[in-house]
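Here the structure comes first, spelled out in structure tokens, and everything after it is commentary.
The values are calculated or read from the model by the stated rules, or taken from the named source; none is laboratory data. A quick note: this is a predicted structure, and the numbers were derived from the prediction, not measured. Every residue, glycine among them, receives a Cβ derived from its backbone with ideal geometry; neighbour counts consider all protein chains shown.
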Amino acid sequence: MPLVHETHGVFVYRVVHGRKVACRTVPHVGEEHAFGDGRWTLSGGDMVAVDCVQPSLVGSNNGPFLRLTNGRGWVFERKYGEEVMEPIPVERGLWPYLVRAPTRGLRPRAQPTTRSEAEDSDVFLYEDDDVVYPHGYVVWADVRVVDATASPPVTFVRVQARSISHWSPYDRAGVGTTGWLFTLATDGDDAQLVPVGPSGDFNPRYQRQPLEVENGDRLDLSAVRAAATKRGLTETSHSLVARRVSFVKSLKDAGGAARGEAHVDVFFGTATVATRVQHPRLGKTQTFRRLCTMRDVERVFADPRNERVTGGGGGYRYRRRPFDVEDEAAAAAAEAATSGAMFAKLGIATRPTTKPSATLGSTGGGLLLPTPKGGGGGFGTLGTGMETLSLSLASSTSPLGSPSTNRAAPKTTDDDAWTPHDEEGSLRGELRELDAAIARLMTQRAILSSHLLDIETSSRERAQIDAMVDESETGFSASAAEASRTKRRGDPRTARGRGHVRVLSDVNDADDDFNRKCGGTDQFADVKFVSLFGEGDGWFIARDGGNSSWCGLPESLADRLWEAGRGDDDMRYAVCGPSGEYYCELPDGQKWCHDGAGDRFTSLIGKGTRKKTISRVAFGENDAWIVIFTNGACEWNGPVPEALVAAIRATDEAPTEVSLGSYGTFFVAFADGTYDHDLPDACGQCVYDLEEEGMTVTCVQLAPVDSEAGWLVRYSGAFFTFSRRSPYDRVGVVNAVP
């Protein structure tokens, strides 16, 4: 089932000049989903047709995503906010064009392109290279688009798709197309297509299908004829133009009695086998099997009714009407017995009918169906005045005409012996199938309803038992829980946690400096915010009183502080990224960010000054960043981890803490105390151990360059310590203070 907001149709897009786009296997901009071969790459100016436009995710700078019409992959309109492809206006209608290619014919292409190497490109490669439109052929186009950037401009047209009633081996059951053709703007001798006016000298009725070149047949004609002779088939016709040979075979039942004939058409050019047989229930049925091998052909010749033979390209069945009279009479007799038993089972009465009335709406025989009577339930008959309805079949005085001129009402010599109308028999057969399906569904519904009732009863009993057990074990009333939450909200130090576990790099004695500043529980209790720099060789700490400390500050930010004459306590908030990015807030309200931050990020800083207050900022790899405001809103840019975006969108709670690490790692916490993460192995094991000991993890900070080398986990709860030789002591020093 397609997405609710997907748009389906035929649209044309062009690659922005100077850009290249590699087709993806899925709707995603990640390079890991791109086809590795350069044959799947589009260059600037290339145009492609798409049949599905999938919108961008909310807040994402990627997309919309576009699916190519020939199923060769996905492309996208924007990547990281930069336009990659632009839409081109298309015109829809129905126009005839005359092929002017006297020496070589005209071969369609899968996409609107004039590139000479289209046949060697997997993006533009047409699925059937045997289709060629000859000189003088008239094609019908239902979509056209003009490339005004070409000199001279070029008009591309899509050949009209046809319905199953005009089936040919080149069509795909009424939903495909025979590709794209193009014409030059001038009407010179080199034009490949010429528009045909209303007075054009052609008859489009006889020029609706392309011809096929006489080479590269998928089946050998002599082998097909030999197999037909071996299986007792008689050849009836042969067409070199259509690349088709036709046979007929007499069918017999298990007792050896004749059961009619089967007609078999073998399109040896495209390896398509078409059979026409008299189905015992569906009547005359036509079946097509695509991309058949000689083994498939022999199996069809052996039994044209064998539906297990589908060919390499699959198959489909097409039922034609009217049905044969004698087969329909047998179907009607079987239907009478089946439907009578079904209606009796459902409690619906049927009135016997010996012969249909010649007048519509008479009071003769009819079918009693449940209808509202007097505002209540009951059974009534449908007909004139919604009372009685009987089908009218033609007699000698019927308004429909005599049997000799009206095939819709065949009649025998005996007035009391009549044969139902072909259409009526068809509908009766479909009604019989529907009745059987309804009976099966009603039985399944009764079973499911009984099972659901048992599950609901069991669930209620189990819930009552669990509630009693919880109340007896905990003895914790609702008022006590609310009092505990109120106390927790009143003390922010308790909420954010006094304990911490950290792994910091030995470079620049970062851990020793951190231990002097925050080595004890009391020292760490008033820490409002912590961030890590580089590989964990630097850090920043902000306290409740407004004081701050840092170690290993990035050179660009340190130089800016020195040039501005700022001291150790002149930053209230600071975070840094893996490639020199930084954002900091000063006591006087100024907000600094790195050079080259981009218009969007700098505008958010200004927006925060006037309207919103920034709560948290995190920088990631490849210019990714995320900003959280105090009102719960958040914005992000670049390749932010998809799991982080999914976690934010999956809850109505506002995010309160966020950190981005290397190799797609992250941590995010929400206002209700829940959190989500994808952490380095050692850090993730630490969080798991804390949870097992009953602690509450409140924040995780990751070093932006190498998160394995530097991370910090903050928690609250009972007394808990780690030894200095814990499994988390991977690359530096571990300190744990409860």
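General observations
- Listed here are the strands (runs of 3 or more DSSP E) enclosed by the stretch 658-708 that have at least 3 residues being among the aromatic types (F, W, Y) and under 21 Å from E642 (Cα atoms): 666-670.
- Filtered by the rule that a residue be among the small types (G, A, S) and on the phi > 0 side of the Ramachandran plot, the stretch 608-651 gives G632, G638.
- Residue within the stretch 588-601 that is assigned to a strand (DSSP E or B) and out of contact with any helix residue (DSSP H, G or I) (no Cβ under 8 Å at 6 or more places or on another chain) present: no
- For G269: the one exception among (1) touching a residue at least 60 places away in the same chain (Cβ under 8 Å); (2) in a strand (DSSP E or B): (2)
- A633, sole failed condition from (1) free of Cβ contacts under 8 Å to residues at least 60 places away in the same chain; (2) surrounded by 14 or more Cβ atoms within 10 Å (Cβ to Cβ); (3) within 40 Å of the chain's Cα centre (by Cα): (2)
- Among (1) in contact (Cβ under 8 Å) with a residue 12 or more places away in the chain; (2) within 14 Å of R218 (Cβ to Cβ) - the single one F301 does not satisfy: (2)
- Pairs where the first residue, in the stretch 573-600, is over 26 Å from G545 (Cα atoms) and the second is of a type in the set (A, V, I, L, M, F, W, C) and in a loop (DSSP other than H, G, I, E, B), C-beta under 6 Å, 6+ apart: P578/V705
- Among the residues listed as D672, D652, D676, D689, the single one being modelled with pLDDT of 90 or more and surrounded by fewer than 18 Cβ atoms within 10 Å (Cβ to Cβ): D676
- In the stretch 556-572, the residues that are surrounded by fewer than 21 Cβ atoms within 10 Å (Cβ to Cβ) and either touching a residue at least 24 places away in the same chain (Cβ under 8 Å) or outside any helix (DSSP H, G or I) (or both): S556, R560, A564, G565, R566, G567, D568, D569, D570, R572
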